[in-house]
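Accompanying notes for the structure given below.
The values are calculated or read from the model by the stated rules, or taken from the named source; none is laboratory data. Because the structure is predicted, anything quoted here is derived from the model rather than measured. Because the Cβ atoms are built from the backbone with ideal geometry, glycine has one as well, and the counts that use them run over all protein chains shown. Accessible surface areas use protein heavy atoms only, side chains included; no ligands, DNA or RNA. Shrake-Rupley method; radii C 1.70, N 1.55, O 1.52, S 1.80 Å.
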Amino acid sequence: MKNMFKRCLGLTAAFGLGVSALAYNPISTYHYLADPGAAADDEYFYIITDSDDPAPYNSNGYKIYALYGFRSKDMQNWTDFGIIYDARQISGINDIWASGIAADPKTGKLYIVFPDGGGGGIGYIKADSIAGPWSNAVGQGKDKLVGGRGIIGCDGVSWCFDPGIFIDDDGTTYVTWGGGESTSRPNTDNFDVVKLNDAKDAPVGNGSHVKVNGLSTRKMLEASYIHKHKGTYYFSYSTGWQQGAPTIDYGMGSSPMGPFTWKGTILGDPSMNGKSINGNNNHHGIAEFKGHSYVVYHDRRIAKGHDGLEIIPADDGMAKPNEGYHRSVSVDEMFYNADGTIKQVVCTNEGPKQIENFDPYDWYPALTSSKQRGVRSRSLWAPGKVSGSLLLPLSTKESWIRVSGVDFGTAATGFVVEAGSTANGNKIEIRKGSATGTLAGTCELKNTGSKTSYAENKCEVTGLSGIVDQLFMVFKGSQDSTMAIKAWGFEGSGTTPPEPQKPFGGKAWAIPGKIEMENFDVRGVGRGSDIESYEDNDAENHGDSDYRKDDAPSVDLYKKSNNRVVVGYIQKGEWLEYTVNVAKSGDYTMFAAVASDGGSSFKLSMDGKDITEDVKVPAAKKAEGEEQNFDDYNKVQANVKLEAGEHILRFTATADWFDIDYINFVSGSGADDDQPLPGDSTVVPGDTTAPADTSQAIAGSLRLDMSSAAMYDVFGLNGQKLASFRANSFAEARDMWKSSSKGAQGVSLIRNRSNGVIKKIH
């Protein structure tokens, strides 16, 4: 998994905060967001939202399909990771509406609960980072926590949606959901709460209705939420439409399960200065962070053009979209009275004060800013991958992002930006104070010919020292939408130069010679693509070996006999790099020890240039009636031309599902292999599709599918784990999967967890 956000050691003031700038609500002005949830750990404050972007300008209803993720260290500068989970690309989910997020104080993991289609049950996912990748956390072979296809039912609430999640100090997790509006009853028992066990993959018992005493006519509508402050638990929610504009009310109690006593209103309908619409909905999230409490909420600031905000078009390109279904997300600080009750939040233009200086010497995703103008974004999300977002400037107009409270220390000397550009003359101006303020430097962007091909651009900057209250990156070009900004950072006092990747063990692999594939290069430190040494399609390690778990935890490594380790579960697009030293220029024959059930392939490149075409990995022969597996290795080969000297060799998978043990280079074209498989000399030419003779597979490597109870994991072809079963054999596990609610959907991989054998099932 690439980690482009690796921390560079920057020198910034740890004390004596010199920030005077203020944020500006909403947190994003370039798309429409709604229904926020909030969480925090020791380093970041997190916000998740859903999106009104898909709704046409004249929409009279919601079109909500995806979750977006944001984080901040200082409550003013926010990093937008774009879409982090998208129902449109996940089988079995309809839509994703208002969701909740929590950070586990013990493990550091993040958890999200989301409603499927506004009432089709509640999903439960987890990740190590807000950027993901997010995976199913429900357990028990289920894809929902609550409701249809879930572990427990909705418990009779009118609306099985708007879930919230709360993780207590001891790690115990609680999930709440529900809502509904009715004239026939007081709506005081329309929320449920359930306690999960320590493993967070199954509830303890069923849900119980939340009791809030003293409600009188304050009806409970939706958006239930639990938080804790100084040992007291708070249950908050949106009140009913029948009372006019919905407010966020709350009760206090001694247990997250209740009962609670109603105390009043946290947040009124955020309609100050016409930002909202009376009678429409309200939603919130609450979290404590670095000694402060904050509430996030949605309003209609952008769609109303509040305080000069750019009214951005709907996704269909039409101007002035319907305000009711094109919302914005804002944040303000929340304060408590001495008795623990909450002071009603004042919705502000400025948002919270910045609580620490911004370090410019880190490496930031491009959409890291405190305010924006004339920009758009594009999400880079795909199932099982880390999320990202591109900044797309409208550079013929007023187009910029602002970063606030920036501590440059002694002085910055340079600015670095990773970007794609499809036009000449595109540039970024670095200015202080305003978009037309003092020019500190200009960075010309290389024309990469594509907005999906990126180059690193560097320029000198001057006059950036100490604390700069407002720093602007202004985008200039003769055409709109010809730039795609991916990431940026500054160089100067306190910055640590990037360290490139290094050969594993400190010594380059010798060619001619054998390269063990598990010993790929160690990833570098800092920024830029030259520090990366591998790419894995998801963060989960599907292997059973702890080898390289510290420096490459996502690469799928498997144990074999004789203390051998191989790279497995290889998918298209994944790659590994090796520093090699070629003894002399000339012709070589490449041999690779591989295992597949057919249809797989890979290629090799040297310093970015292909040295092979696709090398096909044929299936090994199998006995009649026997299922194909990944334990039968054979050799493939290809002739290559190499230049003498030190190079970076890249192995890239060009088709899915195979394992590789090693690559061997022998001098001469069409040479004989000097590293045959133990007990076997069978070699398959790289351009053949005929199956190899595997009568003498790798000695001792064959793992038998023993007919004893074991755990079997099922994976989709995008790498996501779909289910787990305890079964006595592959056949039984396969039948259990096929009889499940999702088991009939196409091709899957099933793996015996105890011995690592993988088979493809249809």
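If I filter segment 144-153 down to residues being under 15 Å from residue 196 (Cα atoms) and not basic (Lys, Arg), which single residue comes out as surrounded by the most Cβ atoms within 10 Å (Cβ to Cβ)?
Top of the filtered list is 145.
Confirm whether residue 418 is open to solvent by 20 Å² or more (accessible area, probe 1.4 Å), part of a strand (DSSP E or B) and either more than 21 Å from residue 134 (Cα to Cα) or out of contact with any His (no Cβ under 7 Å at 6 or more places or on another chain) (or both).
Yes, satisfied.
How many residues does segment 319-356 contain that are among the small types (Gly, Ala, Ser), within 30 Å of residue 232 (Cα to Cα) and in a loop (DSSP other than H, G, I, E, B)?
3
For segment 48-85, enumerate the residues that are under 13 Å from the mean Cα position of the chain (by Cα) and either within 17 Å of residue 103 (Cβ to Cβ) or open to solvent by 10 Å² or more (accessible area, probe 1.4 Å) (or both).
48, 67, 68, 69, 70, 71, 79, 81, 83, 84, 85
Could you list all residues from segment 554-582 that are part of a loop (DSSP other than H, G, I, E, B), touching a residue at least 40 places away in the same chain (Cβ under 8 Å) and either at negative phi or under 20 Å from the mean Cα position of the chain (by Cα) (or both)?
554, 560, 561, 564, 568, 570, 571, 572, 573, 574
Condition test on residue 515, is it in a strand (DSSP E or B), closer than 30 Å to residue 663 by Cβ and at pLDDT 95 or above?
Taking the combined requirement at face value, the residue satisfies it.
Residues of segment 103-143 being open to solvent by less than 10 Å² (accessible area, probe 1.4 Å), over 13 Å from residue 64 (Cα atoms) and in a strand (DSSP E or B), which ones?
Matches in segment 103-143: 110, 112, 113, 122, 123, 124, 125, 127.
Okay, residues lined up against (1) modelled with pLDDT under 90; (2) surrounded by fewer than 17 Cβ atoms within 10 Å (Cβ to Cβ); (3) part of a strand (DSSP E or B); (4) among the aromatic types (Phe, Trp, Tyr):
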{"position": "264", "(1), (2), (3), (4)": "no, yes, yes, no"}
{"position": "278", "(1), (2), (3), (4)": "yes, yes, no, no"}
{"position": "281", "(1), (2), (3), (4)": "yes, no, no, no"}
{"position": "287", "(1), (2), (3), (4)": "no, no, yes, no"}
{"position": "298", "(1), (2), (3), (4)": "no, no, yes, no"}
{"position": "302", "(1), (2), (3), (4)": "no, no, no, no"}
{"position": "307", "(1), (2), (3), (4)": "yes, yes, no, no"}
{"position": "313", "(1), (2), (3), (4)": "no, yes, no, no"}
{"position": "317", "(1), (2), (3), (4)": "yes, yes, no, no"}
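Looking only at residues that are touching a Lys or Arg at 6+ places or on another chain (Cβ under 8 Å) and either over 19 Å from residue 290 (Cα atoms) or at pLDDT below 95 (or both) in segment 338-357, which one is surrounded by the most Cβ atoms within 10 Å (Cβ to Cβ)?
347
Note down all Cβ pairs under 6 Å where the first residue falls in segment 289-314 and is touching a residue at least 24 places away in the same chain (Cβ under 8 Å) and on the phi > 0 side of the Ramachandran plot, the second is part of a loop (DSSP other than H, G, I, E, B) and open to solvent by 10 Å² or more (accessible area, probe 1.4 Å), and they're at least six residues apart or on different chains.
Here the result reads 290/355; 307/349, each pair linking segment 289-314 to a residue that is part of a loop (DSSP other than H, G, I, E, B) and open to solvent by 10 Å² or more (accessible area, probe 1.4 Å).
Checking the conditions here, which among 710, 671 is farther than 24 Å from residue 90 by Cα and at pLDDT 75 or above?
The match here is 671.
In this structure, does residue 109 turn out to be without any contact (Cβ under 8 Å) to a residue 40 or more places away in the chain and under 19 Å from the mean Cα position of the chain (by Cα)?
Judged against the criteria, residue 109 is a match.
What are the residues in segment 396-411 that are farther than 19 Å from residue 365 by Cα and either touching a residue at least 60 places away in the same chain (Cβ under 8 Å) or part of a strand (DSSP E or B) (or both), if any?
Scanning segment 396-411 gives 396, 397, 409, 410, 411.
Of a type in the set (A, V, I, L, M, F, W, C), outside any loop (DSSP other than H, G, I, E, B), without any contact (Cβ under 8 Å) to a residue 40 or more places away in the chain and closer than 19 Å to residue 404 by Cα: which single residue out of 439, 471 fits that description?
439
Considering only segment 173-193, how many residues are modelled with pLDDT under 90, open to solvent by 10 Å² or more (accessible area, probe 1.4 Å) and not basic (Lys, Arg)?
Final tally of qualifying residues: 7.
If I ask for residues that are crowded, with 22+ Cβ neighbours inside 10 Å and more than 30 Å from residue 668 (Cα to Cα), which ones from segment 561-596 would you list?
569 - this is the single residue of segment 561-596 that is crowded, with 22+ Cβ neighbours inside 10 Å and more than 30 Å from residue 668 (Cα to Cα).
Take segment 599-616 and flag every residue that is assigned to a loop (DSSP other than H, G, I, E, B) and open to solvent by 20 Å² or more (accessible area, probe 1.4 Å).
If the condition is that a residue be assigned to a loop (DSSP other than H, G, I, E, B) and open to solvent by 20 Å² or more (accessible area, probe 1.4 Å), then 599, 607, 608, 611, 613, 614 are the ones that fit.
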